[in-house]
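A quick write-up on the structure given underneath.
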Amino acid sequence: MPVVLEDWISQSINLKNQCEKIRGAKISERTWRNWERLAGAVYPPGKKVCLRSYTQEQTQLLLCLAWYRKCYPREKVTYRSLRNYWQSNEYKIEEVFDAFCEAVNSPSSKQPATPTPKLIALSEVKKSCDAVLNRCLSRNCWASWKRFLGIAKYERYVEEGLASVLVYMACWRHDHPTKRFPSFRELIVMMRSWSRRAMNLETASSAKMWHAWRMRGCPGKDLPKYLAANGYKVSTRTLYKWGGFSQRRHYSVSELSNWIKLAKEKYGT
């Protein structure tokens, strides 16, 4: 019989087990009570743990707190900082929920499997950052960027999320060459702008580039970046399939609007 995910995971015992799997360590009763208070789940004394259930928001906050503690085990957490991290990392929650749906509703599997994060080589990430900045980052600068995100000195691979943050840092530095970087949480929140949703390592662009394209048009080689800035992931190969595309051609503002209309028709949005 299929299991309703929200009802199953909102139960205290199930949710605590999943948080322990995410964190990679056992959670004591005292720690779990502190987590409940942080998530706004306060229960009267004497109520059985097995009978407790959480709201959907509390459930997501507790799952997000497990991710937060896994990444930042020593950092102080408040209700506000937890909500900011939750709002800026919903993709983590979606990965967990998708894994739960497949594992719980599958008759062949008994335990939910934890999602395996996609790893990307830091050398490829640096190439993308160099392309955004149109210059080669120095070794010291690249090392300081990695330290800023808590990446180990000799780490060769990072998760896709951290790779995206590094590329966005290059976009931000392109637009603000002399300013100090915002905090990690502020960078994550800025990345959630609607104009950044479809961007990846290959289609990253800065706000100044996007503004210039809207004012003066853009060359064909930058058309995938322009479409990504408008929320459409389209590869160069797909553009050739659609027809009428050339990387050597310069597209005017009106022609760019026609490409946006075509992308809307193709993707039905």
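The values are calculated or read from the model by the stated rules, or taken from the named source; none is laboratory data. Note that the coordinates shown come from a computational prediction; the quantities given were computed from them, not determined experimentally. Every residue, glycine as well, gets a Cβ built from its backbone with ideal geometry; the counts of neighbours run over all protein chains shown.
Residue by residue through segment 134-176, note down the ones that are among the polar types (S, T, N, Q) and under 22 Å from the mean Cα position of the chain (by Cα).
If the condition is that a residue be among the polar types (S, T, N, Q) and under 22 Å from the mean Cα position of the chain (by Cα), then Ser144, Ser164 are the ones that fit.
Considering only residues that are within 23 Å of the chain's Cα centre (by Cα), outside any helix (DSSP H, G or I) and over 10 Å from Lys70 (Cα atoms), which ones fall in segment 18-39?
Listed by number, the list holds a single entry, Ala39.
Between a residue in segment 241-260 that is in the same structural domain as Tyr226 (by TED's automatic domain parsing) and assigned to a helix (DSSP H, G or I) and any residue that is of a type in the set (Phe, Trp, Tyr) and surrounded by 12 or more Cβ atoms within 10 Å (Cβ to Cβ), which pairs come within a Cβ distance under 8 Å, given they are 6 or more apart or on different chains?
Close Cβ pairs (under 8 Å, with a partner that is of a type in the set (Phe, Trp, Tyr) and surrounded by 12 or more Cβ atoms within 10 Å (Cβ to Cβ)) amount to Leu256/Trp213; Leu256/Tyr226; Trp259/Tyr226; Trp259/Tyr251; Ile260/Tyr232.
Select from segment 217-235 the residues that are farther than 21 Å from Tyr168 by Cα and either out of contact with any Lys or Arg (no Cβ under 8 Å at 6 or more places or on another chain) or in the same structural domain as Tyr168 (by TED's automatic domain parsing) (or both) and list them in ascending order.
Once the filter is applied, which keeps residues that are farther than 21 Å from Tyr168 by Cα and either out of contact with any Lys or Arg (no Cβ under 8 Å at 6 or more places or on another chain) or in the same structural domain as Tyr168 (by TED's automatic domain parsing) (or both), segment 217-235 yields only Gly217.
Which condition from (1) modelled with pLDDT of 70 or more; (2) surrounded by 18 or more Cβ atoms within 10 Å (Cβ to Cβ) is the one that Ser205 breaks?
Status for Ser205: all satisfied but (1).
Could you list, in sequence order, the residues of segment 119-133 that are buried (at least 17 other Cβ atoms within 10 Å of the Cβ) and under 18 Å from the mean Cα position of the chain (by Cα)?
Ile120, Leu122, Val125, Ser128, Cys129 - these are the residues of segment 119-133 that are buried (at least 17 other Cβ atoms within 10 Å of the Cβ) and under 18 Å from the mean Cα position of the chain (by Cα).
Please name all residue pairs, on different chains or six or more residues apart, with Cβ atoms under 7 Å, provided the first residue is in segment 169-186 and is assigned by TED's automatic domain parsing to the domain that holds Ser128 and part of a helix (DSSP H, G or I) and the second residue is crowded, with 18+ Cβ neighbours inside 10 Å and not aliphatic (A, V, I, L, M).
As it stands, the answer is Met169/Trp145; Ala170/Cys129; Cys171/Ser205; Cys171/Ser206; His174/Ser206; Asp175/Ser206; Arg185/Tyr85; Arg185/Ser88, since those pairs meet every condition given.
Among the residues that make up segment 3-20, is at least one of them farther than 19 Å from Trp86 by Cα and modelled with pLDDT of 80 or more?
The answer is yes; a qualifying residue exists.
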